[in-house]
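Engineer: Below is a structure I'd like to ask you about.
Please treat every number below as a calculation from the coordinates, not as lab data. If you're wondering where the values come from, they're calculated on a predicted model, not measured in any experiment. Please note: Cβ atoms are built from the backbone with ideal geometry, for glycine as well, and neighbour counts cover all protein chains shown.
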Amino acid sequence: HEPVCECNPCYSGSDCSKLSSDCAANAGSGDPYFLEPFWMKHAASSAVLVSGWHRMGYSYSDGTYISELLVQYIRKLHETAGNAVTEGKYIIFGGGSTQLLSAAVYALSPNSSVSPAKVVATAPYYSVYRTQTQFFNSRDFSYEGDTTLWKNISKNDNTRFIEFVTSPNNPDGKLTKGLVQGSNVKTIYDRAYYWPHFTAIPSPADEDLMVFTISKLTGHAGTRFGWAIIKDEEVYEKMLDYVGLNTMGISREAQLRALKLFDVAVEGEGREIFEFGYTTMRDRWMRLKQVLSKSSRFSLQKLSSQYCSFFKRDRDPTPAYAWVKCERQQDKNCNDVLVAAGINGRQGSVYSADNRYVRLSLIRSQDDFEILINKLKTLVAKDQ
Ligand code: PMP
């Protein structure tokens, strides 16, 4: 049988080529559909079939919840991308990296309600750091806002800080570093976007606690699979306790699917997925820049080309998101301006930033991107 394909909701017709003119551009969520064509090309080799009797038990034969073979694939992927040092480090799995962000806050907090850890991040930042820390309210840690509130803290201050650093950053794609100075600062490096698809890789990341996710590497956000690379054994054990108590590890099916996808990703020299990701994202960024270069009303974040150890040359920026600013005095709510033009992004305040900013997702499907570019062209042309 011919597979039955569904049209993107903005298209109709037997071959889905008829674009409906009243359809808004979906540039909201970070669903990474841009990688769909890669997986269509590798449809057969990436498919998983699981028999009803397969792996019904709680744990693997070594009694753990972690597939050792999958750990080996993860180490190999990092070696190929050259984006993280894994030697001599522990690796733990999570239900998406989302679960590991919370596990890391738990593991880095002191066992003391007398001086709870202060959890901080630098705006614009991914809002889950705040919402999750507040939701899992504990006597051992509390969310204490933006790092700018703590910039005068002395190097000798021994308050326990837990700083979230997203590098490259969501929403603006910048390679960032921790900012809090004290003597007792622990940092959770969220490396979700530290792959050649989205950024130059200046050197392998070697931080004490780094979090990665399959969502932005292969694009399988629905699999809910992430991992952390941890230097310190005690922190690793505490994170294992967290995931063990919370969900008894990660679904064995999710691990099996991840294994199959990684098996395809590491095939040959293991470069194809990164080259595909980079080429696709570069095309999108160039076209977007071109459209907005004609506008004085809207601006994009400034990113420059940079040396990349994966490509062994300077390469263009390829951020996952456009961080658009409305430059006109009267456009205080940039999202309103874009929504009126049929463009649905996410407003700056979601990232604890000014509402003069809007995040537009560039990692959705090619259809979504084409609709976005069309709407932006029309909007920019109106201002000429
Ligand atoms: N960290 C960042 C910076 C993200 O942007 C996202 C997803 N948008 C996540 C973590 C969560 O990813 P996961 O699907 O692994 O839970």
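Engineer: Which one, 262, 215, 333, projects farthest toward the positive side of the charge dipole computed for the chain from Cβ point charges (K/R +1, D/E -1)?
Structural biologist: 333
Engineer: Working from the alpha-carbon coordinates of the chain, get Rg over Rh, Rh being the Kirkwood radius.
Structural biologist: The Rg/Rh ratio comes out at 0.98.
Engineer: Filter the GluC sites (Glu not before Pro) in region 219-306 down to the DSSP loop ones having no more than 11 other Cβ atoms within 10 Å, then list what survives.
Structural biologist: Passing sites in region 219-306 are 269.
Engineer: Rounded to the nearest 20 debye, what is the charge dipole size of region 269-384 about its Cα centre when +1 sits on each Lys and Arg Cβ and -1 on each Asp and Glu Cβ?
Structural biologist: Value, rounded to 20: 340 debye.
Engineer: Normalising by the residue count of region 226-377, find the relative contact order in percent from Cα pairs under 8 Å and 6+ residues apart.
Structural biologist: 17
Engineer: Can you give the calculated 222 nm mean residue ellipticity of the chain, where each DSSP H run of n ≥ 4 adds -39,500 (n - 2.57) and the sum is split over every residue, rounded to the nearest 500 deg cm²/dmol?
Structural biologist: So the calculated ellipticity at 222 nm is -9500 deg cm²/dmol.
Engineer: Go through 117, 345, 204 and say which Cα lies farthest out towards the positive end of the charge dipole of the chain; charges sit on Cβ, +1 for Lys and Arg, -1 for Asp and Glu.
Structural biologist: So the residue furthest toward the plus end is 345.
Engineer: Of 292, 319, 309, which is farthest along the charge dipole of region 208-328 in the positive direction, counting Lys and Arg as +1 and Asp and Glu as -1 at C-beta?
Structural biologist: Sorting the options by dipole projection puts first 292.
Engineer: For region 192-242, take every pair of Cα atoms, bin their distances at 5 Å starting from 0, and report each bin as a whole percent.
Structural biologist: 5, 17, 23, 22, 17, 12, 4
Engineer: Starting from the Cα coordinates of region 68-265, work out the convex hull volume and express it per residue in Å³.
Structural biologist: That works out to 118 Å³ per residue.
Engineer: For a distance above 26 Å, tell me the whole-number percent of Cα pairs in region 219-337 that qualify.
Structural biologist: Tail of the P(r) past 26 Å holds 51 percent of the pairs.
Engineer: Suppose every K and R has +1 on its Cβ and every D and E has -1 on its Cβ; what is the size of the dipole of the chain about the Cα centre, in Debye to the nearest 20?
Structural biologist: 1100
Engineer: Right, next: Using DSSP to define loop residues, name the trypsin sites (Lys or Arg not before Pro) in region 137-191 whose beta-carbon has at most 14 other beta-carbon atoms within 10 Å.
Structural biologist: Passing both the DSSP loop test and the Cβ count: 139, 151, 155, 177.
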